[in-house]
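Beneath this line is the structure, given in structure tokens, with notes to follow.
The values are calculated or read from the model by the stated rules, or taken from the named source; none is laboratory data. Predicted model only: the values in this text are computed from it and were never measured. Cβ placement follows ideal geometry from the backbone for every residue including glycine, while neighbour counts extend to all protein chains displayed.
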Amino acid sequence: MDSEALVYQLLARALLDIRIASTEGNAKATYDLADLFHNVPYQISRIRAQSGDYSEIIVYLEQRCQQKGLTSWLKTALGDIRSVGRS
């Protein structure tokens, strides 16, 4: 899967997990995921305007996940996305 598709898949996964966390009353998970992804649309716009590389967004997300203690979320999401892509 290319970087662009992966970014969109991660964004979709984050929105789904935000919805699940909010219905479960998990305010911390809802906030953390929203905080992690709220700048991604701006980064996508910048990359499209400057002919950049979507892998920059993935690196950004990896760094932010380490800072916010969400590395396990990212690892699980990437594993799930990649396993669906193989089906």
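Miscellaneous remarks
Residue by residue, here is whether (1) touching a Lys or Arg at 6+ places or on another chain (Cβ under 8 Å); (2) more than 12 Å from A14 (Cβ to Cβ); (3) at pLDDT 95 or above holds:
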{"residue": "L33", "(1), (2), (3)": "no, no, yes"}
{"residue": "L36", "(1), (2), (3)": "yes, no, yes"}
{"residue": "V40", "(1), (2), (3)": "no, no, yes"}
{"residue": "Q43", "(1), (2), (3)": "no, yes, yes"}
{"residue": "A49", "(1), (2), (3)": "no, yes, yes"}
{"residue": "I58", "(1), (2), (3)": "no, yes, yes"}
{"residue": "E62", "(1), (2), (3)": "no, yes, yes"}
{"residue": "Q66", "(1), (2), (3)": "no, yes, yes"}
{"residue": "L70", "(1), (2), (3)": "yes, no, yes"}
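- Filter result (more than 10 Å from D32 (Cα to Cα) and not polar (S, T, N, Q)) within the range 57-73: I57, I58, V59, Y60, L61, E62, R64, W73
- Residue count for the range 12-39 under the criterion of being under 22 Å from V84 (Cβ atoms) and in contact with a helix residue (DSSP H, G or I) (Cβ under 6 Å, 6 or more places away or on another chain): the result is 9.
- The combined condition, being free of Cβ contacts under 8 Å to residues at least 40 places away in the same chain, in contact with a Leu (Cβ under 8 Å, 6 or more places away or on another chain) and not β-branched (V, I, T), is fulfilled by E62.
- Whichever residue in the range 44-87 is in contact with an Asp or Glu (Cβ under 7 Å, 6 or more places away or on another chain), assigned to a helix (DSSP H, G or I) and not charged (D, E, K, R) and, among such residues, is surrounded by the most Cβ atoms within 10 Å (Cβ to Cβ): L74
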